[in-house]
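**Q** Provided herewith is a single structure, encoded as structure tokens, for subsequent inquiry.
No value in this document is a laboratory result; all are computed from the given coordinates. Small disclaimer: the values here were computed from a predicted structure and weren't measured. Don't worry about glycine lacking a Cβ; one is built from the backbone with ideal geometry, like all the others, and counts go over all protein chains shown.
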Amino acid sequence: MRILGVVILLLFINSFVFAQNTSIQKTNSSKVKPVSFSGLVLDKNSGEILSASSIVIKELNLWQTTNVKGEFEINNIKPNIYTLYVSCLGYNTVKTKINLEHNKLGYIIKLELLSLSLDEVVVTARERLNLSSTSTINEMAMEHLQPSGVADFFELLPGGKPTNIDYSEMAQVSLRQVGSDNNTSLGTLFIVDDAPLTNDMNMQTPNGGARDIKGIDRYTQSKGVDMRQISADEIEKIDIIRGVPSVEYGDLTSGVVKITRKSGRTPTTIRIKSNINHKLMHIGKGWNLKNNSSLNVGADYLIYKGDPRNSLNSYQRATFSIRYRKSGVLFDGSYTFKSFLDYTGTLDKEKDDEEQLTLPEDKYSSSYNKMLSKIGFEWMSEDNTLSIKTNLSGSYSIDKLVRTRGVSLKGPTPSFTSIEEGRYKSEYLPARYYAEHTVEGKPVNLFLSIVLNKHYNLIGTPQNFKAGLNYSYGNNFGGGQMFDIYAPLFYESGSRPYSFKDIPSIKKMSYFVESGNLLKLNNHIFKIQVGARIGKIQDLDDKYTMANKWYVDPRVNISWKLPTSTNSFDISFYTGYGWQTKFPTSSHLYPHKKYYDVKELDYFSQNPDLRALYINTKIVNPTNYNISPSRNRKIEGGIKLSYKKFTLNLTVFNEYMDNGFTSSTNYFRIKYREYDYSSIDPHRITEPPNIDDLDYSNESRYFTYSTSYNLSSVDKKGIEYVLNFPKLVGLASNLSISGAWFKTNYDKEGERLYQPSIILEGEEYPYIGVYDYDTGDTKEQLNTTIRIDTHLKKIKLIFSNQIYVKWFYKRQSNYNDGIPVAYINKSGERNPFGDAELNDPKFSWLVNTYGHLYFEPYNTPVLVSLNQKVTKEINNNIRISFYINNLIAYQPEYKTPSGAIIKLYSSPYFGAELNIKL
Amino acid sequence: MRKINLLLVFGLIITLFSCDKDEEITPQTKVTIQISVPDGIESMDEISITLKDVNTGTQRVVSTEADGTAIITVDEGVYNIIASGEKEHTTDVGGESFTRTVSLAGLKENKSIEGETMNIDLSLFIVIKSKGWVFKELYYTGSRTPEDKSYYKDKYFEIYNNSNEVLYADGISLAESDHGTYKEENEWTTILGEPTYVAHTIYTIPGSGKEHAVNPGESVILCDVGINHKEVNANSFDLSKADFEWYDEHKLDVDVPEVPNLIKNFSYSKSIWTPHNRGYRSYILFRAEGTMEDFLINNEVQRSNASGSRITIRYKVPSNLILDAVEVSTPSKFVSKAVPVGLDISYTHTGDSDDIRYGKCVRRKVLRWDGTRAILTDTNNSAEDFESTVTPNPGKI
């Protein structure tokens, strides 16, 4: 509530200031006359005018784009000397000091085509001090990295390490941590050209423990976006926000990956990449059309073969994108209209050749076909003080997971076919049958965003006020899990068909407000960005404790730049603090019901005419109505130093989430009858027994189901560092050193239940143990990446040497004593577990006795590897690149606490690619 | 004078002759006994042979020479000849050699010894330690359907009354070993200090003590599902005459009412039990003294992994309770024993190959016939006692 009050206060100040603004301006104009700055942007070589170039006056945060004639004009500038940035897609950005103490009109700026023959080529991720730790990767760095998908970019973040992505399983996001976890992956927001990607309505998992052939975790529900599906081509720039993001971004806990794709004229680009287990082809082109519009088209295809010996296991991805942009003049300002249409299709195939080599019917395939479209409209007032941006995006996907098998039972097996609760007469399954199991999802997602930006001046310094709203709608129209209950493929699981269409839609509404202020005091520059975001799920049934609740995310980022000292030593400090909220997904809120079947009479007589099977089915709704969004609290601080061309970025952070999503097991008892057939003689009866004629005893048994809880805790601490050295002119090389120290603690909170799954004297074990200790572990790692990028202008070649050093890796299980805090008996009564129970042999099954080494820290020694990348421009049109990772790997053998000696072998992996620009 | 000397000499001679005629002389026979020893025994010397006169009870003892012969001269008569001794015995299976000391015995009853010389052959055998009940067939591999798909609910164990009196099957337990014979080391031996059989599954034949009588030469079949599996799988077997079945109260098992159920006294899993189909685990028959509840409490054992998180609780079976034990493994994977050496020195198997083992079992060999009753061989050496990889023949010899 207090936070809301602060926000309201800010609103008042801003509106007051806004009212004052005009009068201040008038006062200013009578004292100091503002200047105008206008000019033209051209291609240096051809003299061609460059429209849609951007002109930015850094200190004023003023920007404009050139019109169709390549012209720009900025008015009402306070006379001073400023830093000017001019950039255009495909060209090298120009940064220069410009004297605007008087009017400057007709100023000509010439830009050079991006090429390896340029002086300045940046191939690493730049630390952008945009008031929050952000890594920016631009086109040149992307080309040099030779990515196959977006997952490869994470290698460039501080603490990142080169990996050969395995496309046979989901590529999960790992951010600022050792290892990875589902909540970080779920909590990372991916935005492509202002359209967010979401996986929240995906429920493609055949339930009942039916894992796929290899047991590989191919299922992506509730784990965030599968990065395999995002192509790395057509991208102009990627910003990965690791720190506290602006309140404009919501429904996230960890970070933001913002992808800006190319728009505007681009030459025909063909890219072909080949690697030990996958191949990729891409083609794209962009045209500038008349009336200030442009059209960009791109397509790519990726094929991955996990095991070269097995051609039946493959992953394929095809994407297609068409993007249109038009700018023009509207009312007293300019507008930009952007729209795109994307198609992504993936196909995951596997064939079971374990036992049934000859049978064609044993197959697995998982396909995903998605269309994503967006239309966006942005209007900016002529004086650049007000902008309104609206974006409406929608996606529709058809996901199909199909398994077929010729089932041949291992012996007589009962069948469970009731979809209602209660007792019923069932049958035994036929000895062999053909089975098909399909999971069909059709998630639909809509997203609307409206953002208002107001720039104004306060005491001559630029300020910004932002407000807006997000609305999202998600639903799934798929048929869900579909199969014939009389011929089930997963007959061991006892699951039933269920439809996704029955699951309610999820509607989320959020509002946000943010103020960006700049303050100058004796040449110290203070920047503060403070805001709040408020959101909720709409129309949620009152049964949920979350219903009608608003969740508030306050966020603040402050930076302080000291005045530039006389020996060009720049230093600035920054800090950020904020909350991020991620709403539960469809499978958290609406898990499907579970079926439990108990045999009450199993009379499998040797005479088929006498067989009788009676089942009692119980249905359980495993919904946790207390589920709430997971929330992450971030705090970070850092320092940026620059001296001449040497820069150092050092960030210290702590992120803590104690209510992440995880699943936990619940036990419940089912009461049923056990019919006694001993009173009838199978050799005498002529028809199957009827339960009404039989005696029975009342029995009960424990069953389990798992459901989602907010019990996962992730505590991330770390220090990230990025050092960029001035160019070593003699070696024509840039040296950069980056890395991180991360310490991550993973934990599962709450009480856990466990019943030993044994049979003792004909009965199941009578007690359930209740445990409430930590079951997580802590991982720690320190690594450094030293990059030497040698740029040989004359031969147009960049040769990068990357030395990756992992100084240490440590893992330790969080200690607990293994003793339950209570136990539950057959009647469901809960009793404390004390010394009497500890000494009673009946309870020894409930006490966890850990091996003496279980809590010992597991350390691995230093690991050093050398990776190389080469990019060579053959002529203006053709560029080839080649990389080899683990060229040299130093991995000494080491001893584990139990005395085993581990020897690591890393084989080098390499790839090559060809880039053609026509 | 000369007349008296002659008289004395005549008297002496007469006396001498008289003495001769009074003495009775028993005829003696020089007996050469040639022993023969079973395969796997190298030496034949130092075997002690006792000849006991049936009528007088006198005993004469002689030891064999290196060539297995013993020469002794005894009075003619009717004797019981008993040989006994201890020798090193070696057996080879799957490329491994197992050596132990065995007790040998040989017996010839009521042998009439007469004549000047006599040759007697005596063949020795290794002492049987059977208590009456033995495994006759172990069928643990399961079969394949005519479409070559897996079918494993037709497994069974056939146990046999190898004695000459009526025995009762009540309370006999079938157990599968926790240790797998392919593992480097039997951790239980290290934990408990000496080789001990530890079970992870125990199924017991019900009954108060005298309910299930089994005649000499008859067998009891314990199976998974007691039906005629040929109806569903032509490559399987007819178990409709099985005596007991192990029924797991689980979705994937069925209860055949015509075949009584075993008591599931312990299983490490709540799910269905099926014997390991490669034969990596060993089986025993035992009978608990007292109640099963007491047996379980008294014989609980635990092991844990140095870096593991949960202990494993199982149950040991003291050797003196074990009626019969069979070590099962595969020639290429056998490394360590689950059964103490005294109970089974070696192991039996159904081969290494994937396809050949299906639909095959191991069967105890017949030692000899007593009329229509077969006496099965049991020298606690399953490599020798069992035929490997043969077609199951439940209920028949």
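**Q** Of A:Val173, B:Val366, how do they rank once you tally other Cβ atoms within 10 Å and put the fewest first?
**A** The most exposed by this proxy come first: B:Val366, A:Val173.
**Q** ³J(HN,Hα) across region A:752-769 via Karplus (A = 6.51, B = -1.76, C = 1.60, θ = phi - 60°), whole Hz, x for Gly/Pro?
**A** Using θ = phi - 60°, the values come out as 10, 10, 8, 10, x, 8, 10, 10, 10, 6, x, 10, 6, 4, x, 10, 10, x Hz.
**Q** What per residue convex hull volume, in Å³, do the alpha-carbon atoms of region B:133-390 yield?
**A** So the per-residue Cα hull volume is 141 Å³.
**Q** From the C-alpha coordinates alone, can you work out the Kirkwood hydrodynamic radius of region A:32-113, in Å?
**A** 12.6 Å is the Kirkwood radius here.
**Q** Most mobile of B:Thr32, B:Thr204, B:Thr56 per a Gaussian network model of chain B (Cα springs, under 10 Å)?
**A** Per the Cα network of chain B with a 10 Å cutoff, B:Thr56 tops the list.
**Q** Over all residues in A:671-678, what is the mean tally of Cβ atoms on other chains that come within 10 Å of each residue's Cβ?
**A** For peptide A:671-678, the averaged partner shielding equals 1.
**Q** Another question, then. Find the Cα radius of gyration of the protein assembly as shown, compare it with 2.2 N^0.38 Å by division, and give the number to two decimals.
**A** Computed over Cα atoms of the protein assembly as shown, the ratio equals 1.28.
**Q** Right, another one. Each residue of region B:357-367 in order: what ³J(HN,Hα) in whole Hz does its phi give by Karplus 6.51 cos²θ - 1.76 cosθ + 1.60, θ = phi - 60°, with x for Gly and Pro?
**A** Working through the residues one at a time gives 6, 5, x, 10, 9, 10, 9, 6, 6, 8, 7 Hz.
**Q** Can I ask one more? Sequence gap at least 6, Cα distance under 8 Å: using those rules, report the relative contact order of chain A to the nearest whole percent.
**A** Once normalised by length, the contact order is 8 percent.
**Q** Could I ask something else about it? Please state the Cα pair-distance histogram of region B:175-250 with 5 angstrom bins from zero: what percent is in each bin?
**A** 3, 11, 14, 15, 14, 14, 14, 10, 4, 1
**Q** Here's a follow-up. Step by step: find N for region A:133-917, compute 2.2 N^0.38 Å, then divide the Cα radius of gyration by it. What's the final number?
**A** That works out to 1.09 for region A:133-917.
**Q** Using Cβ counts within 10 Å as a stand-in for footprinting exposure, how do A:Leu401, A:Leu521, B:Leu192 rank, fewest first?
**A** A:Leu521, B:Leu192, A:Leu401
**Q** While we're looking at this one, here's another question. In percent, what relative contact order does region B:111-260 have, based on Cα pairs under 8 Å that are 6 or more apart in sequence?
**A** Relative CO of region B:111-260 lands at 23 percent.
**Q** A further question on this structure: In whole Å, what is the distance between the alpha-carbon centres of region B:68-139 and region A:602-621?
**A** Cα centroid to Cα centroid, the span is 58 Å.
**Q** Let me know the number of lysine pairs in region A:365-484 closer than 25 Å at the Cα, not counting same-chain pairs under 8 apart.
**A** 12
**Q** Right, here's the next one. Can you give the % of DSSP beta bridges in chain A that are antiparallel, to the nearest 5?
**A** Of the beta bridges lying entirely in chain A, close to 95 percent run antiparallel.
**Q** Need one value for B:252-265: mean number of C-beta atoms belonging to other chains within 10 Å of its residues' C-beta atoms.
**A** Mean partner shielding for this stretch: 6.
**Q** To make sure I understand the rule: partners must be lysines, Cα under 17 Å from the Cα of A:Lys794, and not fewer than 8 residues away in the same chain. Which ones qualify?
**A** Partners found: A:Lys727, A:Lys872.
**Q** Run down the aspartates and glutamates and flag those whose C-alpha is under 16 Å from the C-alpha of B:Lys337, throwing out any fewer than 8 positions away in its chain.
**A** Qualifying aspartates and glutamates at Cα under 16 Å: B:Asp92, B:Glu96, B:Glu176, B:Asp178, B:Glu184, B:Glu185, B:Glu187, B:Glu194, B:Asp324, B:Glu327.
**Q** Another one. When Cβ neighbours within 10 Å are restricted to other protein chains, what is their mean count per residue of peptide A:750-758?
**A** Mean number of neighbouring Cβ atoms from other chains: 2.
**Q** Which of the residue pairs A:Lys279/A:Lys917; A:Lys305/A:Lys594; A:Lys527/A:Lys645 have a Cα-Cα distance greater than 25 Å in the structure shown?
**A** Pairs exceeding the cut-off: A:Lys305/A:Lys594.
**Q** Another one. Set the Förster radius R0 to 60 Å, insert the Cβ-Cβ distance between B:Asp45 and A:Ile635 as r into 1/(1 + (r/R0)^6), and round the FRET efficiency to 0.05.
**A** Rounded to the nearest 0.05, the efficiency is 0.10.
**Q** Oh, and also: Convex hull volume of the Cα atoms in region A:527-597, per residue, in Å³?
**A** Hull volume over Cα atoms, normalised by residue count, gives 128 Å³.
**Q** Here is a further query. Given only helices, namely DSSP H runs of n ≥ 4 each adding -39500 (n - 2.57), what is the per-residue ellipticity at 222 nm of chain A, to the nearest 500 deg cm²/dmol?
**A** -1500 deg cm²/dmol, from helical runs alone.
**Q** Over all distinct Cα pairs, what is the inverse of the mean 1/r for region B:289-354, reported as the Kirkwood hydrodynamic radius in Å?
**A** About 14.6 Å for region B:289-354.
**Q** Whole angstrom only: what separates the Cα centroid of region B:243-288 from the Cα centroid of region A:740-787?
**A** What the calculation gives is 33 Å, centre to centre.
**Q** May I pose another question? For region A:438-536, what is the convex hull volume of its Cα atoms per residue in Å³?
**A** Convex hull of Cα atoms, per residue: 137 Å³.
**Q** Give the angle, between 0 and 90 degrees and rounded to the nearest 10, that separates the Cα long axis of helix A:2-31 from the longest principal axis of the Cα atoms of chain A.
**A** 10
**Q** Follow-up question, since we're still on this one. Using Cα pairs under 8 angstrom and six or more residues apart, how large is the relative contact order of region B:28-126, in percent?
**A** 37
**Q** While we're on this one: State the answer as a single residue: which of A:Ser395, A:Met509, A:Leu562 lies farthest towards the positive end of the charge dipole of chain A, with beta carbon charges of +1 for Lys and Arg and -1 for Asp and Glu, about the Cα centre.
**A** Going by the charge dipole, the pick is A:Leu562.
**Q** In terms of Cα to Cα distance under 28 Å, which lysines are near enough to B:Lys111, apart from those fewer than 8 places away along the same chain?
**A** Result set, ordered by chain and number: B:Lys30, B:Lys52, B:Lys87, B:Lys129.
**Q** Fewest to most neighbouring Cβ within 10 Å: what's the order for A:Leu302, B:Leu167, A:Leu648, B:Leu107?
**A** Ranking A:Leu302, B:Leu167, A:Leu648, B:Leu107 by Cβ neighbours within 10 Å, fewest first, gives B:Leu107, A:Leu648, B:Leu167, A:Leu302.
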